[in-house]
1. Name the residues in region 66-94 that are open to solvent by less than 40 Å² (accessible area, probe 1.4 Å) and free of Cβ contacts under 8 Å to residues at least 60 places away in the same chain, would you?
2. Can you tell me which residues in region 1-36 are buried (at least 16 other Cβ atoms within 10 Å of the Cβ) and outside any helix (DSSP H, G or I)?
3. Pull up region 95-114, narrow it to residues that are without any contact (Cβ under 8 Å) to a residue 60 or more places away in the chain and aromatic (F, W, Y), then point me to the one that is surrounded by the most Cβ atoms within 10 Å (Cβ to Cβ).
4. Looking only at region 59-116, count how many residues are out of contact with any Lys or Arg (no Cβ under 6 Å at 6 or more places or on another chain), within 18 Å of I47 (Cβ to Cβ) and either among the aromatic types (F, W, Y) or not in a helix (DSSP H, G or I) (or both).
5. Just for region 39-65: of the residues that are open to solvent by less than 40 Å² (accessible area, probe 1.4 Å) and of a type in the set (S, T, N, Q), which one is nearest to A28 (Cα to Cα)?
Amino acid sequence: VLTPHPGEMARLTGLSVRQIQSDRIGVARRSAMEWGNIVVLKGSRTIVAFPDGEIYINPTGNSGMATGGMGDVLSGCIGGMLAQGCPPWKGACRGVYLHGHAADRSARARPFGYTASEVAGMLPEGIGACRGSVTTDSSGVRTCGRGVTTDGGRVSTRSGGVTAIGECKRACCR
């Protein structure tokens, strides 16, 4: 799982940051397919791209995350999910969602000026909130508190090959 911000992605692809930012989904998708790896392109609405061309867009997170160490926390979130046995696609989606969710919780407590360490400190609360909102029916369909069902942790509603991780991704936080 690669986790570049636009500047790092520019160096990896030979494109300019402007080119990356003007086609974030396309660049992430092409890179994941070419490299055969999951690519998490950080930034406003972080993109998770898979080698099969599938794309997920994360709605959590905020501008306060543009600070030193935040990418380390994200990598730790994803690595922690992988260490717990999540398949890479699920670990990437869960880690990205929870990282942004923790930052959103930090921003509610203090709208600006929080650190990566403070975001990391919010992760346990976010995981706990997510776990409490998931139910599984008798056929194994998992549903979050908002009533959105998931299929194996991936959101079941799709549009044009792009799926929003969405608030219902709480269903991934089992």
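1. G69, M70, V73, C77, G79, G80, M81, C86, listed by residue number.
2. Within region 1-36, V1, L2, T3, P4, H5, L15 meet the criteria.
3. Y114
4. Total meeting the criteria: 6.
5. T46
The values are calculated or read from the model by the stated rules, or taken from the named source; none is laboratory data. Note that the coordinates shown come from a computational prediction; the quantities given were computed from them, not determined experimentally. Cβ sites come from the backbone with ideal geometry, for glycine too, and all protein chains shown count toward neighbours. With ligands, DNA and RNA removed, areas are computed over all heavy atoms of the protein, side chains included. Shrake-Rupley method; radii C 1.70, N 1.55, O 1.52, S 1.80 Å.
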